[in-house]
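Every read-out reported here was derived from the displayed coordinates using simple, explicitly stated rules and does not represent laboratory data. Nothing here was measured: the structure is a model prediction, and the numbers come from that model. FYI the Cβ positions are ideal-geometry reconstructions off the backbone, even for glycines, and counts take in every protein chain you see.
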Amino acid sequence: MVNRIDPEREQQNGERIGVFLCHCGVNISSNVDMDALAAESSRETGVAIVEEAPFLCAESGQKQIRRAIRENALSRVVVAACSPLMHETTFWETCRGAGLNPFTVQMANIREHVAWVTPDRAAATAKAAALVRGAIGRVLLQRPLAIRKLPVTHRALVIGAGIAGLEAALRLADAGTEVVLVEREPSLGGHMAMVDRTFPTLDCSACVLVPRMARVANHPLITVYTSSEVTTVSGHVGSFRIGVTTRPRFIEASRCTGCGECVAVCPVRDIPCEFDQGLSTRTGIHFAFPQAVPHMPVLDPDRCQHFLTADCSKCADACPADAINYDQDTSRVEVEVGAVVVATGYDVFDPARAPEYGYGRWPNILTSLQFERMCHPSGPTNGRIVCADGRVPESIAILHCIGSRDTRFNRHCSSVCCMAALKFSLAARWQTGARVFDFYLDMRASDKGCEEFYNRAQEEGVIFVHGKGTEVIYRDGKLLVKAEDIALGRRVIVPVDMVVLAVAMEPRADAPKVAQLLGIGCAKGGFFHEKHLKLAPVETVAPGVFLAGTCQGPKDIPDSVAQGGSAAAGALNLLAFGAVEVLSTVAELATSQCAGCGLCVSDCPDSAIELVERDGRTVAVVKDILCRSCGSCVVTCPTGAATQQGYTDDQLMAEINGLLVSPHSVRSPKT
Amino acid sequence: MSKADGSRPLYWSDQEIDLSFARRVGPAAVSLQSCIQCGSCTAACPTANRTAISPQRLGRLIRLGLKDEIFASGSFWQCTSCAACALYCPRGIPFLDIVIDLKRYARSLGFEPPEEVRLLCEAVRLHRNISGEPNEERLRWSTNLPQPLADLNCVRGVDVVYFVGCIAAFYPRAYGIAQCFGRLLSHSGLRFTTLAGNEWCCGYPLFNAGLDDEIGPLLENNLTRLRELGATTLVTTCPTCFYTWAVLYPRYAALPAGLRIMHSSQLLSELVDAGKLCPGPLERVVTYHDPCDLGRKSGEFQAPRDLLCRVPGLELREMANSRINSLCCGGGGDVKLLDLDTSLDVALRRVDQALDVGADTVVSTCQQCKRAMVSAVQWMRKPLKVQDIVELLWESVADEVEW
């Protein structure tokens, strides 16, 4: 398990330090006097050589470091360059290649912390020299540390069974990995199951989605938990312990045949249907939607007569399979997985928050998802676009950016609404021949085939109005949309029969809770934070936790699928390697100094410390494998028994000392 | 308060907007539904800064059928027909076609064109030429040459017919173009004739004024007369006549099989290549102005440049806008007739470009471009020579010749 790198090179005395200064093209050298920095650094105790390079991270720069280590028998290395976040691991590997332990390498950030933040060359050079001095002081005291290899459980968790989660689950399972798929709703499918057609090809959403749902449900390596949520997470990359809580369906899954007899007899029939976005009603015991997978009804205990008055058991009586179980309870299972894919999707903006659009106040004002359901052949109107009174609308306005790009609600662009709006406008033109007005701010049609899709909508006679629909009022049976036609430079009032609001995609309301549970972060707009927008777009700060789909930010189906695949690849990468390499900068508890108070045990967020009896004393010990190097115990320990390897007091003090001591150029010759 | 008043919001009821308007204007106007209101047409239009309604806005008004505002402005008459709008439109909307269709549609609704345009069209209808003079005097340009040209008057069996065009025939400032071209052909030994008094206006002025349904008799006369002579090549010095013969006529009638329609620059280029004409040296710095009708609208950019490059000692420099991106001279459409200031404003910009490259001569292949740029040069009082290509070539050839 423990794998020490080249321990025989470990020396306590007579260290030879190599200092490498990176120009980063002109990023650093334009603001820092590199010659002065080299001269200043070379005077420090223990420094054997100082070298400069235009790009240390480049192949040539790395070669230069390795050659210098060998030729000068260096035992310690300081790299003064960019942020360690960017290249620390690069230089660890470089020095490892020349036989040094990574923990004998220290970086000084003279780019982000120096060159990029001041135009004052003299001050920048002085600060760079101080940072390099601190790094030299610290690296002298650093000890080679082991790199730990932890075992990995060859199983993955996917949270959310929308199109991104389904893709990730299938990719993982098809590669031979066991998958646990947890879905909050009673059926797989997510928002895509509500969609009628998908832009820009206008193929039927269900036709591509439903077979996938079935394949996931029947896959021998995938275990599906619907009506379920992840409620606890512990452990670490390679070995997470996940608690899954399942709400009762009040149906015995093993018996139910999905015949629907129970639904037919249910006397409660006036519940607004969630799946149809309130445009239709459903029964107390109901199918989430006709193609639901698993194909099994679910009973709504909040509206069921059996639960409210205890005098109804019509569904149980009607069930030919005796599958109704009113006594079913919440259940909980615990699973162990090596990696997690988070695909929890998005919420839809509630336009009632922007009262100027009259949503919920005037008739025939729909959200995009409601219009989607209206267009769907198995939706509330069997696919017919009609007003509340049954009339076919003669004119329809589609308003972009409702709740998006609006500092009152969401600053972000929801990315898919422009194309969804075009899809709606085409559906409306083709089905009803209505006059369609599309009020847009910017038409964002950047994905493949989308600009052509825009052209098509134009050619079908949709009237595009450059200008945001700003207000909707109701007068004499007409909805009046107020806007400016920017091309005309005129205020316009457009009377229509129906208004469709292209509402924003928002982060899930419980995203902060989920983020906390998984140890990942939410970005400014509230969507989950990827580790690096460009280079690690599906990874998170929590090793082993990956993101897929709209939980990371608004995106369309192709991008969600791509990200689902990418997240699966990230998880597979980890699982296929069979082990996780982690830093051994774990906490250390000096038994002789431990008072056994247990404060560290309660403060440790990873449950990595426990109290044990040893030689008649109660002392705390660290379980290395669980420690995530947060340092809480070091701060908490009243006796100073806790230290964190790689961050010991003497190492940190040496660095601070180096920062504070006056530079050689102003020190008196005597010292 | 009029409907065009901008202070109150427009109410888009069925009475106010008229979505079938564009279809009534013509098939080209229907393509305005693809407009993304980027304003490229406005940015490209040489006269947009002097019209009440910009091309982009005009397009939007047509799309929505706000006809009162369109017809009240009359901005579409201030078009030089340079087609830069259509060139730069990222959606490929043929905006010039729309403007011409709009003129036709306006007339069909009883909106009269500006008086100058009406008189011009009247002259063509009555006299078969734009100046309204007796048409049989079409050879006036040839009367004061030191040595008369042979065969000018409708000679049968001559291969090449020179279609002189109304301006070179009737406007003294353009006589030189016909004179130089005739002498060049004669000097090269090529036999040619003209339709003389049987030549009728090509019809472009009517087409451009939205009266394309009246082109028929003109087209028919010109074709019949050409057939009578049995010529195989028709050559013009006017790029608009060239465009009309080469591009517009085939839309209305079948031209004689094998008929070559050439512009003077193309024919002269061939004659120089064949060694029939030998340009003498001219120590000049020349820039070439592409006429819209020959370049952008007919696709001929190279022949005039090749010809200029055959003149020894001549240095050819390109202006900021050249070839397909050429800038209008201001002389196109009927703008020079309607609004001299606007025409001059455009011409000044073009002449500035010629001065910017240090040219001592700006050469064009169009009598109308020459007239517009001469006006600008005179107004600016700059020592810049404006010539048609045939004049420059004659200058280069004539030094070697005794006339």
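Annotations
- Debye-formula intensities of region A:297-409, expressed as log10 I(q)/I(0) at q = 0.14, 0.17 Å⁻¹, are -0.96, -1.00 (one equal scatterer per alpha-carbon, no solvent).
- Selection among A:Ala587, A:Ser607, A:Pro663 by position relative to the dipole of region A:580-671 gives A:Pro663 as farthest towards the positive end (Cβ unit charges, Cα centre).
- On Cα atoms only, tilt of B:216-229 relative to the major axis of chain B in degrees: 20 degrees
- Cα-based Rg / Dmax (Å) for region B:98-227: 16.6, 53
- Annotation note: trypsin sites (Lys or Arg not before Pro) in region A:433-469 located in DSSP loop regions with a Cβ neighbour count of at most 15 within 10 Å are A:Lys448.
- Neighbouring Cβ atoms from other chains, within 10 Å of the Cβ of residues in A:481-492, number 5 on average.
- Net charge dipole size for region A:586-644 [Lys, Arg +1 and Asp, Glu -1 on Cβ; Debye, nearest 20]: 40 debye
- Between amide H atoms placed 1.01 Å from N, distances below 5 Å from A:Ser395 occur with A:Arg435, A:Asp497, A:Met498, all of them 5 or more places distant or on a separate chain.
- Per-residue ellipticity at 222 nm, computed for chain A from helices alone with -39500 (n - 2.57) per DSSP H run of at least four residues, works out to -8000 deg cm²/dmol.
- Note on region A:470-486 and region A:533-574: Cα centroid distance 41 Å, given to the nearest whole angstrom.
- Taking other residues whose beta carbon is less than 14 angstrom from the beta carbon of B:Val386, and scoring Lys, Arg as +1 and Asp, Glu as -1, yields +3.
- FRET efficiency, B:Glu137 to B:Asp341 (Cβ-Cβ, R0 41 Å, nearest 0.05): 0.80
- Helix B:115-127 vs. chain B, principal-axis angle (Cα, 0 to 90°, nearest 10): 50 degrees
- Annotation for A:Thr591 and A:Lys63: the two label points, set 7 Å from Cα along the Cα-Cβ direction, are 5.1 nm apart.
- Positive dipole terminus of the protein assembly as shown, leading residue within A:Gly449, A:Gly46, A:Tyr474 (C-beta point charges): A:Gly46
- Counting only DSSP H runs of at least 4 residues, each contributing -39500 (n - 2.57), and dividing by the residue count of chain B, the helix-based mean residue ellipticity at 222 nm comes to -12000 deg cm²/dmol.
- Mean-position separation - Cα centroids, region A:14-71 and region A:230-302, in angstrom: 63 Å
- Part-to-part distance (alpha-carbon centres) for region A:160-227 and region A:402-427, which is given in Å: 25 Å
- Derived scalar couplings ³J(HN,Hα) [region A:232-249; Karplus, 6.51 cos²θ - 1.76 cosθ + 1.60; whole Hz; x for Gly, Pro]: 9, 9, 9, x, 8, 3, x, 7, 8, 10, 10, x, 10, 10, 10, 6, x, 8
- Of the chymotrypsin sites (Phe, Trp or Tyr not before Pro) in region A:260-340, those whose Cβ has at most 14 other Cβ within 10 Å and which sit in DSSP loop: none
- Direction-averaged projected area, Cα convex hull, the protein assembly as shown: 63.5 nm², rounded to one decimal.
- Under 5 Å between amide hydrogens, built in the peptide plane, is the criterion, and for A:Thr367 it picks out A:Leu501 among residues at least 5 positions away or on other chains.
- Debye equation applied to the C-alpha atoms of region B:85-169, log10 I(q)/I(0) at 0.12, 0.18, 0.20, 0.23 Å⁻¹: -0.65, -0.91, -0.98, -1.11
- Relative to the longest principal axis of the Cα atoms of chain A, the long axis of helix A:557-577 lies at roughly 40 degrees.
- Among the GluC sites (Glu not before Pro) found in region B:300-403, those both in a DSSP coil and sparsely packed, with 14 or fewer other Cβ atoms within 10 Å of their Cβ, are B:Glu318, B:Glu400, B:Glu402.
- Taking θ as phi - 60° and the Karplus parameters 6.51, -1.76 and 1.60, the scalar couplings of region A:371-377 work out to 5, 4, 5, 5, 7, 6, x Hz in sequence order, x denoting glycine and proline.
- Each label was represented as a point 7 Å from its Cα along the Cα-to-Cβ direction; for A:Arg96 and A:Asp302 these points are 5.2 nm apart.
- Student exercise, region A:414-514 dipole from Lys, Arg, Asp, Glu Cβ charges, in Debye to nearest 20: 200 debye
- Ordered by the count of other Cβ atoms within 10 Å of each Cβ, fewest first, A:Glu356, A:Glu51 give A:Glu356, A:Glu51.
- Long-range HN-HN contacts of B:Tyr11 with modeled amide H, under 5 Å: A:Ile493
- Overall, region B:120-162 carries a charge dipole of about 60 debye about its Cα centre when +1 sits on the Cβ of Lys and Arg and -1 on the Cβ of Asp and Glu, all other atoms neutral.
- If the chain linking B:Ala257 and B:Arg23 were pulled fully straight, counting 0.36 nm for each residue of separation and taking away their Cα-Cα distance, it would gain 80.7 nm.
- Along its three principal directions, the equivalent ellipsoid of chain B from the Cα gyration tensor extends over semi-axes of 39, 25, 18 Å, largest first.
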